[in-house]
Amino acid sequence: MTKRERVRAAIAHQSPDKIPTFFHLAPDGLDKYGESLMERYGRADMKRLLGEGKIDYRNALYFSMGNHVCFLENFPWWDWKDLPPEYKMEDTPGFIPEIREYRSLEVFAECVRNLREYTDAYVLAEVWTSEFEKAYFSRGLEYFLADMAAEPEFAMELLDFITEKNLSLLKEIVKTPGLDGVLLGNDWGSQRDLLMSPTAWRTMLKPGAKREYDLIRGAGLDVWVHSCGDIRKVLPDLCEMGANVLNPVQPECMNIYELKREFGDTLTFWGGISTQRTLPYGTPEEVRCETREVTAKMAENGGYIVAAAQGIQSDVPFENICALVDTANEL
């Protein structure tokens, strides 16, 4: 099976010949360890493609490390432009701020073509910031949560604006030949629970997310969902909405084996290996043991992609990163 086929099998809840992997490093981890990891794992063909400008540094490294998924973050997207100071003050503003668009659909399509031609990986567009994050990035987390509770009309106006803008760009992104899936990021959870009530989530955040999921699935692509924290209360909703893959599946926040038992027929889990305890503070042998245990339990009947629960940061010892990568690739 190709790497792409293994990921698709996992998402279809089938057992591939090899359990797919999808490692990634946070920016500080990549800055600290990128060169050392490239020296240890770098493949000659990936280095050549990197030198020819056919593949970016991160995917050259990650594919060399055994990744079955290639990240693409250079899609055309948007952000807030020159937010006025009063937008992050206590009083709810009476307007929507200006936005700016960036990057090129043509450049994005070329990157997808190159990955499809020169690798056998599953190609994923990573849209980390969707409705909720875009909203609280503009207002600040505390103020936007207060808006949701005390000024729901404004909160919905802002969320609806964000959703419409997202959809206008996603409509073009999903037409890209060779693309396999889209990752949408919204950190709905804290370490202990949702950041808002399930009712508020279902009333204010679910409708826009559902429209985006429908658009992506309607184009024949998979929906990957990222949310940090404990979001167990809305996992039935995500299943009903058509989400395919859930990340980061933090073991410090939720019992990942219970998630597998209750939602494993619908969701594929990507992550689950502790980035708060084992990877930064454990020994290489403890990392190997946890990787084997988590993979064995989570990959039963497909539905699992091996990875650390979050992007690997600079506090993780180099030997622990290698223990994770080597063990996952052996399984």
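The values are calculated or read from the model by the stated rules, or taken from the named source; none is laboratory data. The shown structure was predicted, so the numbers you read here are calculated from the model rather than taken from an experiment. Cβ coordinates were reconstructed from backbone atoms using ideal geometry, including for glycine residues, and neighbour counts include every protein chain displayed. We work out accessible area using only protein heavy atoms, side chains counted, and drop any ligands, DNA or RNA first. Shrake-Rupley method; radii C 1.70, N 1.55, O 1.52, S 1.80 Å.
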Highest-first arrangement of 212-224, 95-107, where packing means the average Cβ count within 10 Å: 212-224, 95-107
Within straight-line cross-link reach of residue 88, lysines at Cα separation under 16 Å, skipping those fewer than 8 residues along the same chain: 134
Estimated dipole of the chain in Debye, rounded to 20 [Cβ of Lys and Arg +1, of Asp and Glu -1, Cα centre]: 1020
Accessible area of the chain divided out per residue, in Å², using a probe of 1.4 angstrom: 42
Student exercise, the range 91-200 dipole from Lys, Arg, Asp, Glu Cβ charges, in Debye to nearest 20: 340
Considering only the chain, percent of DSSP beta bridges that pair antiparallel, nearest 5: 15
For the range 97-161, average projected area of the Cα convex hull in nm²: 5.9
Estimated FRET transfer efficiency when R0 is 51 angstrom, pair residue 301-residue 99 (beta carbons, to 0.05): 0.70
DSSP-defined antiparallel bridges as percent of all bridges, the range 40-184, nearest 5: 35
Gain on full stretching of the segment that runs from residue 160 to residue 13 - 0.36 nm per residue minus C-alpha separation: 49.5 nm
Solvent-accessible area, 1.4 Å probe, carbon plus sulfur percent, for the range 234-328: 45
Helix-only [θ]222 nm of the chain, DSSP H runs n ≥ 4, -39500 (n - 2.57) each, per residue, nearest 500: -14000 deg cm²/dmol
Antiparallel bridges, percent of DSSP beta bridges restricted to the range 180-283 (to nearest 5): 10
Share of Cα-Cα pairs in the chain lying beyond 35 Å, as whole percent: 20
Cα centre as origin, Lys/Arg/Asp/Glu Cβ charges: the range 151-217 dipole, Debye: 280
Exceeding the 25 Å Cα-Cα cut-off - candidates 18/260; 165/206; 3/47; 3/165; 18/171: 3/165; 18/171
Computed label-point distance, nm, for sites residue 80 and residue 43 using a 7 Å Cα→Cβ extension: 4.2
Whole-Å distance, taken between Cα centres, linking the range 26-52 and the range 88-102: 39
Whole-angstrom gap from the range 199-218 to the range 270-331, using each part's C-alpha centre: 31
